[in-house]
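Below is one structure; the comments refer to it alone.
The values are calculated or read from the model by the stated rules, or taken from the named source; none is laboratory data. If you're wondering where the values come from, they're calculated on a predicted model, not measured in any experiment. Please note: Cβ atoms are built from the backbone with ideal geometry, for glycine as well, and neighbour counts cover all protein chains shown.
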Amino acid sequence: MNTVLAGHGLVKKYGSTTALAGVDVEVGERDSLAIMGPSGSGKSTLLHTLAGIIRPDGGQVLLRGDRIDNLGENRLSALRRGRFGFVFQFGQLLPELPAEENVALPLMLEGTPRRQAVERARRWFAPLGLDGLEKRRPGQLSGGQAQRVAIARALVVEPDVVFADEPTGALDQNTSSEVVRLLTSVTREQGAALVMVTHDADVAAHCDRILQVRDGRITHHSQYTVA
Ligand SMILES: Nc1ncnc2c1ncn2[C@@H]1O[C@H](COP(=O)(O)OP(=O)(O)OP(=O)(O)O)[C@@H](O)[C@H]1O
Ligand SMILES: [Mg+2]
């Protein structure tokens, strides 16, 4: 596996709570990893630590071999903007902006002029089945459409890694399976890695591997199935 992102011996404590108790994880190009486990087991903490949102108390995070957990806040936030994409459960689109500008936002934050950013953003609408919805505001989209716009926004910077925390948590089963199918296929086509937290075994089954977490430890790691 061509490793894109790795966490080695990750430890995170909140007071007397050990959210991560020494976790090792790797994800490669075109590889997708689902993180599952009970509520409070450390799934979001693990995702946020790998994404440079939370700093670990122990261990290291490496992006293509370079440590990122010890970078200064400015470099870390530039790296998150440029090399990572994020999809969360809900509430991530700006309600006052049309869909195409929501997708263009990460490019504009990197300094791409608005017109050019919107043009690049529009290219993601067809692959995600969003043709014709470019001018809609988030309030005029269904939950599944809004999540597909969020996926487009995560991918528009052509990230190394896409992080998704319960990306289908607010969707019904059919919509959920359609959204996760698009998320995994488009991320793979893009050559990016995917790290996804989910409670839903059907959603996790779309990923190449499944990591089970309990009390901040990995209890099970499904390996690739070789056909
Ligand atoms: N900012 C924080 N301050 C204090 N404790 C925290 C904080 N964030 C998480 N924790 C604790 O760390 C543990 C792991 O939390 P985490 O959010 O990673 O769980 P999770 O597996 O994502 O749960 P859920 O499925 O409910 O989202 C929990 O005991 C939680 O209460
Ligand atoms: Mg969580």
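Some notes on this structure:
- Only listed residue being in contact (Cβ under 8 Å) with a residue 24 or more places away in the chain and either within 16 Å of ligand 1 (Cβ to nearest atom) or surrounded by fewer than 20 Cβ atoms within 10 Å (Cβ to Cβ) (or both), chosen from Gln92, Gln116: Gln92
- Of all positions in region 82-97, at least one carries a residue that is in a helix (DSSP H, G or I) and over 21 Å from Arg148 (Cβ atoms).
- All told, Ala126 falls short of being within 17 Å of the chain's Cα centre (by Cα), assigned to a loop (DSSP other than H, G, I, E, B) and small (Gly, Ala, Ser).
Table: residues versus (1) within 16 Å of ligand 1 (Cβ to nearest atom); (2) closer than 30 Å to Thr17 by Cα; (3) touching a helix residue (DSSP H, G or I) at 6+ places or on another chain (Cβ under 6 Å).
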position	(1), (2), (3)
Gly129	no, no, no
Ala154	no, no, no
Pro159	no, no, yes
Gly169	yes, yes, no
Asp172	no, no, no
Val179	no, no, yes
Thr184	no, no, no
Leu211	yes, yes, no
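- Qualifying positions in region 131-147 - among the basic types (Lys, Arg) and out of contact with any helix residue (DSSP H, G or I) (no Cβ under 6 Å at 6 or more places or on another chain): Lys135, Arg137
- Residue within region 144-152 that is buried (at least 16 other Cβ atoms within 10 Å of the Cβ) and among the charged types (D, E, K, R) present: yes
- The criterion of being over 30 Å from Arg64 (Cα atoms), more than 16 Å from ligand 2 (Cβ to nearest atom) and in a helix (DSSP H, G or I) does not hold for Gly132.
- For region 19-31, the criterion of a residue being within 12 Å of ligand 1 (Cβ to nearest atom), out of contact with any Ser or Thr (no Cβ under 6 Å at 6 or more places or on another chain) and in contact (Cβ under 8 Å) with a residue 12 or more places away in the chain is satisfied by at least one position.
- Single residue of His220, His199 found to be assigned to a loop (DSSP other than H, G, I, E, B) and under 27 Å from Ser16 (Cα atoms): His199
- Among residues of region 40-77, those that are of a type in the set (Val, Ile, Thr) and away from ligand 1 (no atom under 13 Å from the Cβ), counted: 2
- Of all the criteria given as (1) modelled with pLDDT of 95 or more; (2) crowded, with 16+ Cβ neighbours inside 10 Å; (3) not in a strand (DSSP E or B), the one not satisfied by Arg75 is (2).
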